[in-house]
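Report on the structure given below.
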Amino acid sequence: MASVITTTREKSFFLIIITPLLIFGYAMYSPHITHPDHYLHIAIHEAGLLISGFLLTMTLLSYNRTKLPRMFFSAAAFTTLTIAQGFYLFLEQDMSNTTMIDYFSVNEIFDFLIVVMTVLFAAGVFYKNKPSNHN
């Protein structure tokens with residue numbers, strides 16, 4: 001598998017995007033340390049934030065190299081998802097200890113499916129077919 005990150009500039013860009021995401025992710029997760037019932041709920045949104053931030057970085061690097069419109073629109077989609085997950089985590093900081101989370105409710109299933117969709121989209125964007133020798 002060929003690496004998207006090949007130059008020092010691209011490595012720096014990758015670190016500049018991922019490091020603040022990790023710091024923000026920790027800052028949004030830490031208020032929930034005392035709420036064991038919220039771990040899974042917040043972890044789903046943390047996963048969405050980190051995966052979409054990673055994919056945003058990869059699509060920006062790919063767009064910078066290829067200038068394909070599909071990479072630009074993918075980057076815009078991942079930017080939207082990263083911002084949405086960040087806002088959600090920010091607003092959930094003050095969730096009370098008594099809030100009960102039903103993990104089988106429509107909202108939680110929807111949250112989980114957004115993360116699954118993001119992973120599958122990433123697989124579709126970055127999947128590389130191996131050339132076949134059908135002669």
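Please treat every number below as a calculation from the coordinates, not as lab data. Because the structure is a prediction, the values reported are computed rather than measured. We place every Cβ from the backbone using ideal geometry, glycine too, and count neighbours over all the protein chains shown.
Values for this structure:
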item: Extreme residue, positive dipole direction of the chain, given options Thr8, Val119, Tyr88 (C-beta unit charges); result: Thr8
item: Net charge over other residues, Cβ less than 11 angstrom from the Cβ of Asp102 (K, R count +1; D, E count -1); result: -2
item: Relative exposure of Ser62, Ser74, judged by other C-beta atoms within 10 Å (fewest first); result: Ser62, Ser74
item: Stokes-Einstein D for segment 65-119, Kirkwood Rh over Cα pairs, 20 °C, 1.002 mPa s (µm²/s); result: 158 µm²/s
item: Of the DSSP H helices in the chain, those whose Cα atoms cover at least 15 Å axially and whose Kyte score averages 1.0 or more; result: 8-29, 69-91, 106-126
item: Under 14 Å, Cβ to Cβ, from Ala27 - net charge with Lys/Arg +1 and Asp/Glu -1; result: -3
item: Loop-exposed chymotrypsin sites (Phe, Trp or Tyr not before Pro) per DSSP, neighbour cap 15 Cβ within 10 angstrom, longest uninterrupted part of the chain; result: 1-102
item: Leu113-Met100 pseudo-label distance in nm [points 7 Å out on the Cα-to-Cβ vector]; result: 2.5 nm
item: Sequence of Asp37, Asp111, Asp102 once ranked by neighbouring C-beta atoms within 10 Å, starting from the fewest; result: Asp102, Asp37, Asp111
item: Structure-based [θ]222 nm, the chain - -39500 (n - 2.57) summed over DSSP H runs of at least 4, per residue, nearest 500; result: -24500 deg cm²/dmol
item: Identified option (computed log10 I(q)/I(0) by the Debye sum over Cα atoms at q = 0.12 Å⁻¹; candidates [x] -0.55; [y] -0.45; [z] -0.66); result: [x]
item: log₁₀ of I(q)/I(0) at q = 0.25 Å⁻¹ - segment 1-71, Debye sum with one point per alpha carbon; result: -1.07
